[in-house]
Amino acid sequence: MPFLKRPPTTPSLSTLLDIKSQKCGLRHTVFSPSGNEYTGEWQNNKKHGKGTQVWKKSGAIYDGEWKFGKRDGYGTYSVLLPGSKKYVKKYCGEWTDGKKDGYGTYFYNNSSVYEGEWSEDQRSGWGRMYYANGDIYEGKWLKDKNHGEGIIIFSNGNRYEGSWREGKKDGRGKFYYCDKGQLYEGLWVDGVPKCGTLSDFGRDGAPMPAKCQIPKVHLIDPQLVLREAESAYLGQF
């Protein structure tokens, strides 16, 4: 009967070196060939737990939680101001699989700020947007656009309350012309008012009231007239 040689029970030197080089647990700063730096926790040779990543080329920093090599959990992403050594926050909040996902705050270059819900790096869900020109929108978002019910207050005091679709007023809504003391209620399509009523509202306190008051509508059933007008218009589409 031939003698069968048993395989060695101890790992080879190359295997031992490979196991030894695997990063697991808390480690000091690890430098990649591109010059990027990571300081923090590892698991199975991947960033996992809490840690700080510095990208050499862009000068950006992420400080927060990781999961199997990707930003996952809560963390803050900051960038280096050009020509200086000062860092400014760009996003602080929740991440999933390396993307903004959950609740977080994003700071835009033009001083606009968004705080609210995210999904796969896009504003989706409920959120509040502070625009650089002073306008404020609060409501629903979908794929980075106002979508659903929401309110926008303009810097001049006027405001719109109602439905939105893909970033535009669409559906039923109210537009308060606070500067003129008037109110429009009705149907909007693709950002344009199509069918509704215009009435005086807060005219006495308006800074620039219209010269003439809007006369009252003398109809037996004005709502019926509006419904018929809306049906006729929507029937075109």
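Over all pairs of different C-alpha atoms in segment 100-156, the reciprocal of the mean inverse distance, the Kirkwood hydrodynamic radius, equals 11.2 Å. With all protein chains present, how much of the accessible area of segment 42-171 (probe radius 1.4 Å) comes from carbon and sulfur, to the nearest whole percent? Its accessible area is 49 percent carbon and sulfur atoms. Heavy atoms of the protein chains alone define the surface here; on that basis segment 58-107 has 55 Å² accessible area per residue at 1.4 Å probe size.
For the residues Glu117, Glu149, a 1.4 Å probe over the protein chains yields an accessible-area ranking, largest first, of Glu149, Glu117.
Here is the link list: Lys90/Lys180; Lys67/Lys90; Lys143/Lys169; Lys89/Lys168; Lys47/Lys89. Which ones come out longer than 28 Å on Cα distance? Going by Cα-Cα distance, Lys90/Lys180; Lys89/Lys168 fall outside the 28 Å limit.
Using r as the Cβ-Cβ distance of Ser155 and Ala210, and R0 as 22 Å, what FRET efficiency do you calculate, to the nearest 0.05? Plugging the Cβ-Cβ distance into 1/(1 + (r/R0)^6) gives 0.60.
Measuring how big segment 27-137 is from its alpha-carbon positions, Rg and Dmax come out at 15.2, 48 Å. Do you know the relative contact order of segment 103-204, to the nearest whole percent, from alpha carbon pairs under 8 angstrom that are 6+ apart? Result for segment 103-204 is 14 percent.
The values are calculated or read from the model by the stated rules, or taken from the named source; none is laboratory data. Bear in mind the structure is a predicted one, so any value in this text is a computation, not a measurement. Ideal geometry is used to build each Cβ from the backbone, glycine not excepted, and the neighbour counts take in all protein chains shown. Heads up: the accessible areas ignore ligands, DNA and RNA and are worked out on the full protein's heavy atoms, side chains in. Shrake-Rupley method; radii C 1.70, N 1.55, O 1.52, S 1.80 Å.
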